[in-house]
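The values are calculated or read from the model by the stated rules, or taken from the named source; none is laboratory data. Predicted, not measured: the structure shown is a model, and the values here were computed from it. Here the Cβ positions follow ideal geometry from the backbone for every residue, glycine too, while neighbour counts run over all protein chains shown. These area figures cover heavy atoms from the full protein model, side chains too; ligands, DNA and RNA do not enter into them. Shrake-Rupley method; radii C 1.70, N 1.55, O 1.52, S 1.80 Å.
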Amino acid sequence: MSAAAIARRLAVAAACVGVMLGAASAALHVAQLHSGPVAALARSAHPRASLVMTLVRDPTSRQNARGRSYVLVDATVTQVARQPSHSPVLVIAHGGGWLDLLPGQRVRVSARLARPRSGDDIAAVVLPTGAPLRIGQPPWWQRAAGAMRARLRAACARLPPDERGLVPGLVVGDVSRMPAALTNAFRISGLTHLNAVSGENCAVVLATVGALLRRTPLRRGWRIAAAAASLAAFVVLARPSPSVLRAATMGGAALLAMSVGRRTQPLPLLSAAVLLLVLTNPFLGRSVGFALSVVATAAIVLLASQWADSLSRRMPRWLALSVAVPAAAQVACTPLLVLVFGQATPWAVPANLLAAPAVGPATVAGVVTAVVATLSPTIGSLLAWTAALPAGWLALVARSMAALPGAAARWPAGTTGAALLGLLAGGLMFLLVARRRLSPRRAMLETWPR
């Protein structure tokens, strides 16, 4: 049997094992959601109880159609009516006392439980009937991260409105103070991934820390450990969103490979990260943010280098890479954006090209500001202006691109929009191939003796 045939059989076997593991993990998670005292109480005739919960993420404030405010909290119920449990829930609270809670905080609350929608990744919806009663304190790392996030917001308080809301969004994903018009401009121009912490931010932090550690006398093992600790600290500070988890898992796998002296390849790292995360939480497979992060990274790994090689024949290599990377990511993400949101973002590539030089400086300066502001709020307020300069450029790019013709044009959402996009892409490919085939014939006719 040839080596190629063996490789194909191994690939098929690995794919089958992956499917089996994924199915088993999904079945286990779904069974856990529909079993236990929380799910049973939500299905009962009197779904009221005293719950002990641990917050998983920061509470967020929303408004309904009538303008009434409410708070959404992702939490895990650890005790219901004195019975132990471990069930994820969504809390919808209309009272006070929730917004200042940190992830990891345990609370006791009296609440009514409701059934979740079919397919949701929670065991129940919790509707509190009173304010939460705190039990102890969150873990020290969550308290430290919460203090840094609060000090960063305070340090940015004197910045202009756009920069005041954008710097915390770039660094820690806190967009609570971003003007609505700027948020809309980022969405229209295809720059939303910047103000929701993404893998790019993790890469910038890890690259900066690595460059600084190489200048120290620390041994290789200690440098890798320090880089891993810095990555973990940034994930806690920025909160583990799906894209951050994907980037952090890839970074951790790369550091692990470096620690044992192995060379790393981006595609296997991406595959391993996706497999590990989906096996740990199969519901990530339905997360739009996670899917966009994965397909964008895969496109950059598979396409950007080849496109840059082709473009470098007509422009400098650095410019070719600057164009190829956002173009590859946008080509991969556009079908998903059209399918889910009906959004085509025609100016996304030039917007990302113009924004790219400012992302790294804004992220690094913002992280430094958050750290320094925790120790000295006065110095932190001054350092915030160093992050405001590149952040101001990003705001200018977003607003300018959003004002261009066709930027806010809507595309049909769902399968209809995806089919139209496929037809358009197929037509463009046909024209490009036809032009390439006709070019030699045209040149031959032009040089033919008359």
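Okay, here's what the table says:
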{"read-out": "Out of Thr216, Thr208, Thr249, sole residue that is touching a Lys or Arg at 6+ places or on another chain (Cβ under 9 Å) and β-branched (Val, Ile, Thr)", "value": "Thr216"}
{"read-out": "Candidates Ser118, Ser87, filtered to the one that is in a loop (DSSP other than H, G, I, E, B) and of a type in the set (Ser, Thr, Tyr)", "value": "Ser118"}
{"read-out": "Any chance Ala398 is hydrophobic (A, V, I, L, M, F, W, C) and at pLDDT below 90", "value": "no"}
{"read-out": "Positions within segment 229-239 being touching a Gly at 6+ places or on another chain (Cβ under 7 Å) and assigned to a helix (DSSP H, G or I), in sequence order", "value": "Leu231, Ala238"}
{"read-out": "Filtered residue count, segment 327-341, keeping only those that are over 20 Å from Gly426 (Cβ atoms) and touching a residue at least 40 places away in the same chain (Cβ under 8 Å)", "value": "2"}
{"read-out": "Filter result (open to solvent by 20 Å² or more (accessible area, probe 1.4 Å), in a helix (DSSP H, G or I) and either within 23 Å of Leu404 (Cβ to Cβ) or not β-branched (Val, Ile, Thr) (or both)) within segment 335-359", "value": "Pro335, Leu336, Leu337, Leu339, Phe341, Val349, Pro350, Asn352, Leu353, Leu354, Ala356, Pro357"}
{"read-out": "Condition check for Leu99: in a loop (DSSP other than H, G, I, E, B) and either among the hydrophobic types (A, V, I, L, M, F, W, C) or surrounded by 15 or more Cβ atoms within 10 Å (Cβ to Cβ) (or both)", "value": "yes"}
{"read-out": "Total residues in segment 208-228, condition open to solvent by less than 60 Å² (accessible area, probe 1.4 Å) and either among the aliphatic types (A, V, I, L, M) or in a helix (DSSP H, G or I) (or both)", "value": "11"}
{"read-out": "Segment 361-386, residues that are touching a residue at least 40 places away in the same chain (Cβ under 8 Å), open to solvent by 20 Å² or more (accessible area, probe 1.4 Å) and under 22 Å from the mean Cα position of the chain (by Cα)", "value": "Val364, Val367"}
{"read-out": "Subset of segment 1-58 that is in a strand (DSSP E or B) and open to solvent by less than 40 Å² (accessible area, probe 1.4 Å) - its residue that is farthest from Trp98 (Cα to Cα)", "value": "Ala49"}
{"read-out": "Residue among Phe186, Phe234 that alone is at pLDDT below 90, under 14 Å from the mean Cα position of the chain (by Cα) and surrounded by 23 or more Cβ atoms within 10 Å (Cβ to Cβ)", "value": "Phe234"}
{"read-out": "Ala324 under 24 Å from Ala398 (Cβ atoms) and without any contact (Cβ under 8 Å) to a residue 24 or more places away in the chain", "value": "yes"}
{"read-out": "Residue in segment 405-419 that is at pLDDT 80 or above and surrounded by fewer than 17 Cβ atoms within 10 Å (Cβ to Cβ) present", "value": "yes"}
{"read-out": "Meets criteria (exposed (fewer than 15 other Cβ atoms within 10 Å of the Cβ) and either within 30 Å of Asp162 (Cβ to Cβ) or at pLDDT 80 or above (or both)) for Ala248", "value": "no"}
{"read-out": "Pairs where the first residue, in segment 1-30, is of a type in the set (Val, Ile, Thr) and the second is open to solvent by 60 Å² or more (accessible area, probe 1.4 Å), C-beta under 6 Å, 6+ apart", "value": "none"}
{"read-out": "Where Val204 falls short, out of the listed (1) open to solvent by 40 Å² or more (accessible area, probe 1.4 Å); (2) of a type outside the set (Gly, Ala, Ser); (3) touching a residue at least 12 places away in the same chain (Cβ under 8 Å); (4) over 30 Å from Ala24 (Cβ atoms)", "value": "(1)"}
{"read-out": "Residues satisfying the stated conditions in segment 247-302, i.e. within 22 Å of Arg223 (Cα to Cα) and of a type in the set (Lys, Arg)", "value": "Arg262, Arg263"}
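Rundown of residues vs (1) crowded, with 17+ Cβ neighbours inside 10 Å; (2) more than 14 Å from Ala247 (Cβ to Cβ), yes/no style:
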| site | (1), (2) |
| --- | --- |
| Gly285 | no, yes |
| Phe290 | yes, no |
| Val294 | yes, no |
| Ala299 | yes, yes |
| Ser305 | no, yes |
| Asp309 | no, yes |
| Ser312 | no, yes |
| Arg317 | no, yes |
| Ala328 | yes, yes |
